[in-house]
Amino acid sequence: ILGEHLRICPQGYTCCTSEMEENFANKSRSEFEAMMKEAGRSVQATLTAQHRSFDSYFQDLLNKSEKALYDAFPSLYGELYTQNVKVFKDLYSELRRYYRSSNINLEEALNEFWTRLLERLFKLLNPQYHITDEYLDCMVKHAEQHKPFGEVPRELKVKATRAFIAARSYAQGFLVGSDVVRKVSQVSLSQECTRAIMKLMYCPHCRGMASVRPCSNYCLNVVKGCLANQADLSTEWKFLMDSLIGVADRIDGPYNVDTVIGTIHMRIAEAISNLQENKESITSKVFQGCGNPKISTKGSSSEDKKRRGKVTLEAKSSAQALEMLVLDAKGNLTALKTYWITLPSSLCSKKVMASSASDDKCWNGMTKGSYLPEVMGDGLANQINNPEVEVDITKPDMTIRQQIMQLKIMTNRLGNANIGNDVDFQDTSDDMSGSGSGDSCPDDVCGKRLSKSPSTRQPETHAIPKQSGHGINGASSRSLPSASLLLLLSVAVIAAQHLWR
């Protein structure tokens, strides 16, 4: 029949009624959106699997260290352990809370552990004295200069904070990446895109050419126009993938979590042994600084029940498992770098089943023949002259712009983790809690601090990475804007959102 009634397909002779055309338009829209979600689910599955593997490995390290402590310490230390079980349990609880992104300061949690342990052990090692809370406060003030636990607290703080910061940011990076893909894959097609996809996929049916496939370049122009906003994710997406790869190298290198996390119990044992061996000199120094405490009337014999001798704890290394985890992750992350800009080609070649570029017997949007227009570039700005889809380049999709910001935030966080710095920021992702605070500064990177904090620790403001950077290397040199600047940016985004609507 004559096609004068058609609103999308060419108005030549056709076998489609208006109702059929409308049904085809709805069908093509739902099919294309399903293709997008399917492609996104594949990426989500990859990132989620990487997160699950690392999370399981890291939690297992902590569990084994804690179990080794509970197994060995009763026989090693007797009352020194049995009367202080809660102190050890609380430490591992705080370490897990930090890793899971609770709002705690890791350095302060470690300092609190050593303080509580020192207070309790000092009383147990000196049962003949009546030691008050005020006396313990005085002792703690002098503890830094006496170093009752040797260098263990300082060394553990440096190494553990770096390892935990890297591990936590690394795990969060996979979740943020997966969440971004999920949200972007749910963005609906515009009316212009619905028409263009219908014309691409089902107008050949209305012309009696159901077996004729779309021309490859024609398909690319349609899909690039429809996914122009999604392609704008590519730069920050690549930065995130590079940043995750960089932190993965740290986790299996300088910040080796297997060595650090798996030996926490051994470092604690070393610290306790140091206190036992130097008990007399440390006690003498405390008495000099705080005065002699009163003699206790209880006359406890706890001192006789403590154990002596060098501690010989062992840690079972899982370095090979970590190496394999990192290698697998780096391979997957490298493969995902170009996801957003290769998505149109992937959909056209695998899903829409477009014809080859040189085919002159393909569907070109009007009839069977060759397709002459050039292929558009990637991203919103390059669609101004797209011959197949009318794209308003002045109205970017707000959902996607918000996800670009999420990628920037996470990339900057990984950049800080790469140099041992923890960063406070309010994560606006629906599925992620805000990060914990902290301001660790390893000895070998203090000269590279992004901001120097005074003794009263202030949370750092999260930076927005420059687009000219390149993953980890670029992230470490980006300056952190003030809180007022971020507030101004937030107001601007909200205002722009209302304006565009």
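The values are calculated or read from the model by the stated rules, or taken from the named source; none is laboratory data. These figures come from a predicted structure and were not determined experimentally. With ideal geometry, Cβ positions are generated from the backbone for all residues, glycine too; neighbour counts draw on all protein chains shown. With ligands, DNA and RNA removed, areas are computed over all heavy atoms of the protein, side chains included. Shrake-Rupley method; radii C 1.70, N 1.55, O 1.52, S 1.80 Å.
Key figures
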{"read-out": "Overall form of segment 102-159 per C-alpha gyration tensor (a/c, 1.5; a/b vs b/c)", "value": "prolate"}
{"read-out": "Carbon/sulfur fraction of accessible area - segment 62-101, other protein chains in place, 1.4 Å, %", "value": "54 percent"}
{"read-out": "Separation of the Lys350 and Leu372 label points, Cα + 7 Å toward Cβ, nm", "value": "3.4 nm"}
{"read-out": "Segment 168-245 versus segment 399-418: alpha-carbon centroid distance in Å", "value": "21 Å"}
{"read-out": "Low-density loop positions, GluC sites (Glu not before Pro), segment 142-213 - DSSP coil, at most 12 other Cβ in 10 Å", "value": "Glu151"}
{"read-out": "Thr263 accessible area, assembled protein chains, probe 1.4 Å, Å²", "value": "30 Å²"}
{"read-out": "Computed FRET value (nearest 0.05) for Arg52 with Lys294, which takes r as the C-beta separation and R₀ as 51 Å", "value": "0.35"}
{"read-out": "Long pairs among Lys67/Lys279; Lys224/Lys368; Lys64/Lys337; Lys224/Lys361, criterion Cα-Cα beyond 24 Å", "value": "Lys67/Lys279; Lys64/Lys337"}
{"read-out": "Note, ³J(HN,Hα) from phi for segment 99-108, Karplus 6.51, -1.76, 1.60, rounded to Hz, x at Gly and Pro", "value": "4, 7, 6, 5, 7, 10, 9, 5, 4, 5"}
{"read-out": "Rounded Å value of the spacing that divides the Cα centres of segment 23-44 and segment 71-101", "value": "51 Å"}
{"read-out": "Other-chain or far-sequence residues with amide H under 5 Å of Ile104's (modelled H)", "value": "Gly436, Ser437"}
{"read-out": "Cα→Cβ-extended label distance, 7 Å offset, between Lys89 and Tyr13, nm", "value": "8.6 nm"}
{"read-out": "For segment 39-107: rounded, prolate or oblate by the Cα gyration tensor [a/c cutoff 1.5]", "value": "oblate"}
{"read-out": "Length released on extending from Asn63 to Glu38, taking residue separation times 0.36 nm less the Cα-Cα span", "value": "5.3 nm"}
{"read-out": "Computed label-point distance, nm, for sites Gln402 and Leu2 using a 7 Å Cα→Cβ extension", "value": "5.0 nm"}
{"read-out": "Rounded accessible area of Thr283 (nearest 10 Å², 1.4 Å probe)", "value": "10 Å²"}
{"read-out": "Three-way shape label, segment 373-415, alpha-carbon gyration tensor, a/c 1.5", "value": "prolate"}
{"read-out": "Per residue solvent-accessible surface (Å²) - segment 1-149, probe of 1.4 Å", "value": "49 Å²"}
{"read-out": "Neighbourhood charge, 12 Å Cβ-Cβ cut-off, centred on Met376 and excluding it, Lys, Arg +1 and Asp, Glu -1", "value": "-2"}
{"read-out": "Residues whose placed amide H lies under 5 Å from that of Gly377, excluding near-sequence neighbours", "value": "none"}
{"read-out": "Note, ³J(HN,Hα) from phi for segment 140-149, Karplus 6.51, -1.76, 1.60, rounded to Hz, x at Gly and Pro", "value": "5, 4, 8, 4, 4, 7, 7, 6, x, 9"}
{"read-out": "With DNA, RNA and ligands ignored, accessible area of Thr132 (1.4 Å probe; Å², nearest 10)", "value": "50 Å²"}
